[in-house]
Amino acid sequence: MFATPAYAQAAGAAATGGTQAMLLQFLPLVALVVLFYFLMIRPQQKRMKMHQAMLAALKRGDQVVLSSGLMGKVVRVEDKEVGVEIATGVTVKVVKAMISDVRAKGEPAPANDAKA
């Protein structure tokens, strides 16, 4: 009753090539999902696997940086927790997931003076 003739003609045209038109409508959506996967999800999964491997290789004596910025030395490694010595005689328990970086045991500190 309120349909305009142009709208009715467009509805009739869509019925003839329906599947092809529907595929063309969903193609940009599928392309966005694929792009989102390769730009967001895949790199995040790769980073997560690297972090889990780093935590699995954690051993006593490693220098670690916590997510809060504290630095310390690992003195005890358990399944889900780690004992970290943040000062001489001060040991704290830390959840393994909160360790953001593991530094090598023999990593030299940067010198402030220039060597000749």
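Each reported figure results from applying straightforward, stated rules to the coordinates on display, with no laboratory input. Just so we're clear, the structure is a prediction, and the values are computed from it rather than from any experiment. Don't worry about glycine lacking a Cβ; one is built from the backbone with ideal geometry, like all the others, and counts go over all protein chains shown.
Pairing residues of the range 76-87 that are over 13 Å from Leu66 (Cβ atoms) with residues that are loosely packed, with under 12 Cβ neighbours inside 10 Å and β-branched (Val, Ile, Thr), at Cβ distances under 7 Å and at least 6 apart in sequence or on separate chains, gives Lys80/Val95.
Looking across the range 56-92, the residues that are part of a loop (DSSP other than H, G, I, E, B) and under 21 Å from the mean Cα position of the chain (by Cα) come down to Ala57, Leu58, Ser67, Ser68, Gly69, Lys80.
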